[in-house]
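Below is one structure; the comments refer to it alone.
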Amino acid sequence: MRFLVTGSNGLVGSRICALLEERGHEVVGLGRGGRRTAGSYLYLPVELTLEADVLTAIESSSPEVIIHPASMTEVDACEKNPEQAYAANVTATAAVAKGARRVGAHLVHVSTDYVFDGDHGPYDEEALPNPRGVYAITKHMGEQAARVLAPGCAIARTAVVYGWPPAGRLNFGAWLVSALEKKQPLKLFEDQFVSPTFADSVAAMLVELGERKLGGTWNTCGGEVVNRVTFGRALCEVFGFDSSVITPSKLADLKLPSPRPLHSGLKVDKARSQLSAQPLSLSESLTRFHAAWKSAPTPSRGG
Ligand SMILES: NC(=O)c1ccc[n+]([C@@H]2O[C@H](COP(=O)([O-])OP(=O)(O)OC[C@H]3O[C@@H](n4cnc5c(N)ncnc54)[C@H](OP(=O)(O)O)[C@@H]3O)[C@@H](O)[C@H]2O)c1
């Protein structure tokens, strides 16, 4: 099948492209600026907020499936730049959805657990969103744009995605590893509950939604809801790091510009019962993360 993947330089997009290639699909990756990932897929630089450029790229590629993880993902940057967040998370999604409809492609749109307020998580696919903060609101609006403009699309929500190595920006897991390697003292939230997700695992679920052309809402994340301290300590155990450098802290201590859901997390019963690509346990995801980290050449390990 021919797939088009947005955000192919990003954490999730790069893993989707790699997996699609492994599975023998034809892949067109859209990224901003130059290509920053390996792989032999066709790469097109496209600014997704420019609708005409998006439509041209989609029409010239004529994909059967579009997977759309591209997004402005830095939560506090979105809060400070609402116009940019709206353009990247709503305007761009609308353009991608219009393109999907125009060429008859099935759309898999990637969203977030941040569409929920985090007062009473974990949430299943039927729970009512109540987004707080610019990132969350624009991601929720992006979901609506996809549903309206590409009927039958899949909305795939994920959470705290980590992996190794992304091209450039550190994610939560990679940031923890790089700090723990240097034995830096770390403060982690004990009052924020999330569903940490290994990037390769969410990529596998997104690819399956695309291959099977499944629509509707899907929670595509890790199989366990934990607080960030528990995650950090579990990572230390798998990687062999000293966990005594981790000090529990509260989210409110940090006075972040944007609100974050506290009791978040996503229930994965639907994915467990209907997908072959299964949500992973925390230990399984961390074991796979460790294997990816060991095989990645990084300066810090002299590789
Ligand atoms: N990472 C998480 O913890 C997490 C949690 C929940 C949900 N999600 C969702 O999962 C999806 C993938 O996240 P990720 O972690 O892979 O994010 P990421 O690493 O930040 O990748 C997003 C990609 O989108 C690209 N992009 C942003 N605005 C663009 C624009 N206007 N035109 C073209 N490209 C643009 C970025 O380009 P540049 O590289 O040039 O910036 C980046 O490569 C997102 O929809 C996000 O909301 C992520």
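Laboratory data are not the source of any read-out in this text; all were calculated from the coordinates shown. All values reported here derive from a predicted model rather than from experimental measurement. Every residue, glycine among them, receives a Cβ derived from its backbone with ideal geometry; neighbour counts consider all protein chains shown.
Observations on the model:
- Projected label distance in nm at Trp175 and Val103, using a 7 Å step from Cα toward the beta-carbon: 3.5
- Chain lengthening between Leu256 and Asn81 when straightened (0.36 nm per residue, less Cα-Cα): 61.5 nm
- Prolate/oblate/rounded call for the stretch 146-243, Cα gyration tensor, a/c under 1.5 rounded: prolate
- Mean shadow area of the chain over all directions, Cα convex hull, nm²: 14.3
- Ordering of 246-256, 192-202, 281-291 by burial proxy (mean other Cβ atoms within 10 Å per residue, highest first): 192-202, 281-291, 246-256
- Extension gain (nm, one decimal) between Ala38 and Gln144, 0.36 nm per residue minus Cα-Cα: 34.9 nm
- Seen through its C-alpha gyration tensor, with square-root eigenvalues sorted a ≥ b ≥ c, the stretch 232-291 comes out oblate because a/c lies at 1.5 or above while a/b is not bigger than b/c.
- For the set Lys187/Lys270; Lys80/Lys139; Lys182/Lys294; Lys250/Lys270; Lys139/Lys267; Lys270/Lys294, the pairs lying more than 23 angstrom apart at their alpha carbons are Lys187/Lys270; Lys250/Lys270; Lys270/Lys294.
- Net length gained if the chain between Ser276 and Glu59 were fully extended (0.36 nm per residue, minus Cα distance): 75.0 nm
- Total charge dipole magnitude, the chain, about the Cα centre, Cβ charges on Lys, Arg, Asp, Glu only, Debye to nearest 20: 440
- Reciprocal mean inverse distance between Cα atoms of the stretch 38-162 - Kirkwood radius, Å: 15.0
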